[in-house]
Amino acid sequence: METYTLNNGKKIPKFGLGTFRVEAGESAYDTVKLALKIGYRHIDTAIMYGNESDIGRAIRDSGIPREEIFVTSKLAKHYDGDIVLIKDALDKSLKTLNIGYIDLMLIHWPDHDHHINDLIWKIFESYYQEGLFKSIGVSNFQIHHLENLLKKAKVRPVMNQVECHPLLSQVPLQKYLTDNDILMTSYGPLARGEVFTGKTHEVLEEIAKQYGATVAQVIVQWGLARGIVMIPKSVHEERLIENFKGQELVLAPEDIEKINQLNRGRRLYSDPDNNINFL
């Protein structure tokens, strides 16, 4: 499993499994157990997904040494800046996963009040210093959110996980992140299936045929070629294998640019509490 190096020196697998809307219980357990058997070594979850317990159980039962598996989770609720409630949520996440530590913990969405983002980040830094979180970062942060956070942060975020797919290429945001030594993770790389419709699909299918690959594999490699962590989601064995094999492709620069040109600024995800698109 190839890795990127985070700005704190830690390694993160370039490719992983997203578990958004993977149903808690045996579905999440079986999916993660199977993914690990296939060769996945990066599992992405979140407190709000409700499946941390099953993911932790699958990791423990896999027989794979803990240090070989990278786990990302996220804090969604901000509890109006109540320090006790925020720490309780983080402690519960650690206990629910029950895998000793979390490799990367993210603020799931920025708060409208940047002072609350600063407060949460300070708490994250304390867990990082204790070794409970090996790395810390953010999700769904725009440039102005990051600019505010970086003014007070003692520990620089290692990651910004954002919606990124051929219809929302995030090229300007990624440039800002690169300039500030922050990596980017793409969630929703298949754009909720919209990459399989219309002109977008025609372009992607044409590229895929050139390589004897699938559209999903092309999108995986498009992200990897840009230095983005890719975490497509599936609960089906054939799709898990298909996505995993997308790492093997090598796309020509002109094909990467063709995919970049599909960008329409198409936002498909939002904060479920406030229904606000952050990207």
> Percent antiparallel among DSSP beta bridges with both residues in the chain, to the nearest 5?
Replying inline: 15
> Tell me, what % of the accessible area of the chain is carbon and sulfur with a 1.4 angstrom probe?
Replying inline: 48
> When you take every Cα atom in the stretch 28-96, what is the radius of gyration, and what is Dmax, the widest Cα pair distance, in Å?
Replying inline: 13.3, 41
> What translational diffusion coefficient, in µm²/s and rounded to a whole number, does the Stokes-Einstein relation yield for the chain at 20 °C and a viscosity of 1.002 mPa s, taking the hydrodynamic radius as the Kirkwood radius over Cα pairs?
Replying inline: 113
> Summing +1 for each Lys or Arg and -1 for each Asp or Glu, what net charge is found among the other residues whose Cβ lies under 12 Å from the Cβ of Q129?
Replying inline: +1
> Which residue fluctuates the most in the chain, going by a Gaussian network model with Cα springs under 10 Å, if the choices are V171, V22, V162?
Replying inline: V171
> Rounded to the nearest 20 Debye, what is the dipole magnitude of the chain about its Cα centre when Lys and Arg each give +1 and Asp and Glu each give -1 at the C-beta?
Replying inline: 320
>> Can you tell me what share of the DSSP beta bridges in the stretch 157-262 is antiparallel? A percent to the nearest 5 is fine.
In response: 10
>> What does the extension gain come out to for K11 and D179, with contour length at 0.36 nm per residue minus their alpha carbon separation?
In response: 58.6 nm
> When the chain is modelled as a GNM with alpha-carbon springs shorter than 10 Å, which of P189, P172, P232 fluctuates the most?
Replying inline: P172
>> Here is the link list: K11/K77; K77/K134; K14/K122; K152/K233; K11/K154. Which ones come out longer than 24 Å on Cα distance?
In response: K11/K77; K14/K122; K152/K233
> Once you treat every alpha carbon in the stretch 140-279 as an equal point and sum by Debye, what is log10 I(q)/I(0) at q = 0.16, 0.22 Å⁻¹?
Replying inline: -0.85, -1.40
>> Between E206 and N260, what's the calculated FRET efficiency when r is the beta-carbon distance and R0 is 22 Å? Round to 0.05.
In response: 0.90
>> Leaving out ligands and nucleic acids, and using a 1.4 Å probe, what accessible area per residue does the chain come to in Å²?
In response: 45
> Using a simple spin-label model with points 7 Å from Cα along the Cα→Cβ vector, what separation in nm is obtained for K92 and K152?
Replying inline: 2.5
> FRET efficiency for F20 and Q142, Cβ-Cβ distance as r, R0 = 25 Å, nearest 0.05?
Replying inline: 0.80
> Among G227, G198, G137, whose mean-square fluctuation peaks in a Gaussian network model of the chain (Cα, cutoff 10 Å)?
Replying inline: G198
> For the stretch 1-122, what is the Kirkwood hydrodynamic radius in Å, using each pair of distinct C-alpha atoms?
Replying inline: 15.1
>> From Cα pairs below 8 angstrom and at least 6 apart in sequence, can you work out the relative contact order of the chain, rounded to a whole percent?
In response: 17
>> Show me the ranking of peptides 148-158, 250-260, 72-82 by mean Cβ neighbours inside 10 Å, starting with the highest.
In response: 72-82, 148-158, 250-260
>> Between H236 and V84, what is 0.36 nm times their sequence separation minus the Cα-Cα distance? Round to one decimal in nm.
In response: 50.8 nm
> What do the square roots of 5 times the Cα gyration tensor eigenvalues come to for the stretch 99-164, in whole Å, largest first, as semi-axes of the equivalent ellipsoid?
Replying inline: 19, 14, 9
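The values are calculated or read from the model by the stated rules, or taken from the named source; none is laboratory data. On a predicted model such as this, the values are computed, not experimentally measured, just so you know. Methodologically, a virtual Cβ is constructed for each residue, glycine included, from the backbone with ideal geometry; neighbour enumeration extends over all protein chains shown. Note: accessible area is taken over every heavy atom of the protein model, side chains too, but ligands, DNA and RNA are not part of it. Shrake-Rupley method; radii C 1.70, N 1.55, O 1.52, S 1.80 Å.
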